[in-house]
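Laboratory data are not the source of any read-out in this text; all were calculated from the coordinates shown. Note that the coordinates shown come from a computational prediction; the quantities given were computed from them, not determined experimentally. Please note: Cβ atoms are built from the backbone with ideal geometry, for glycine as well, and neighbour counts cover all protein chains shown.
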Amino acid sequence: MGHTLAFAPRPATRAAWDRSIAVGFAVGSACFFVGPFPGFVQLVGPGADSVVFFVGSVFFTLAAAMELREGTVRRGRRWGRDPSWWSAAIQFAGTLLFNISTFAAMQDSLSTGQEDRLVWAPDLFGSACFLLSGALAYRATTGSRVRPERMDRAWTTAAVNMLGCVLFGISAIASYIVPSSGSVLDLAASNWCTSLGALCFLIGALLSLPRRQPDGRHSAGHPIVPTEV
């Protein structure tokens, strides 16, 4: 969510497309940010809280699909031929897994085994997809280095999103339901890491919004996939 290497001016239609992608990721991130808060759950109830997560995952999927289309159609990326395409495709797959996980979580009659299989497992694999996609995008901003020669907005966006991916991964592991007790492995860690990870994604989405130049043109946003690798 929000990675690029180019800042060349784009036509208004391209800027609008990038803005839509950024807004989609921002809305999804906001849902995952507020969802884990205990006060929010008490306010709206567990059922409505689960719906918030599902809605957030849908916005993630819509934005990721638009990003994948942009990389394939608008930027001429050939199917499976470069890391940029793979980064977008893997992230899109991760959002689909989050759709499955959050949809299953809306069911209130699942057994412990069903929750681990239908909720936890897709969440874990979806987080792994995000982590791999984020790593590919981060590597594109640094090349063969751990840190880039110049810490520009592209690197900052990639770094903050990479941190969000790591936090989502920790949250997924911590949310495992122990069969013997039927309780979450570490509920506090799961909730905090989900919220903090979503906050990172929200920051990355806001950084990816196209900026208007003094001459009235728009600079490139920061789509999830680097424009050059």
With θ taken as phi - 60° and the coefficients 6.51, -1.76 and 1.60, list the Karplus ³J(HN,Hα) couplings across the stretch 43-51 in order, rounded to whole Hz; mark glycine and proline as x.
6, 9, x, x, x, 5, 4, 5, 5
Using modelled backbone amide H atoms (1.01 Å from N, in-plane), which distant-in-sequence or interchain residues come within less than 5 Å of Arg211's amide H?
Ser219
Taking only C-alpha pairs under 8 Å that are 6+ residues apart, what is the relative contact order of the stretch 81-205 in percent?
24
Rounded to the nearest 0.05, what FRET efficiency do Ala135 and Val44 give with R0 = 35 Å and r taken as the Cβ-Cβ distance? Could you check?
0.50
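Ranked highest first by the average count of other Cβ atoms within 10 Å around their residues, in what order do 108-118, 93-103, 168-178 fall?
Values: 108-118: 13.5, 93-103: 21.5, 168-178: 19.8.
Sorting 108-118, 93-103, 168-178 by mean packing, highest first, produces 93-103, 168-178, 108-118.
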Got a sec to turn the phi values of the stretch 181-190 into Karplus ³J(HN,Hα) couplings, 6.51 cos²θ - 1.76 cosθ + 1.60 with θ = phi - 60°, whole Hz, x for Gly and Pro?
10, x, 10, 6, 3, 8, 5, 4, 5, 4
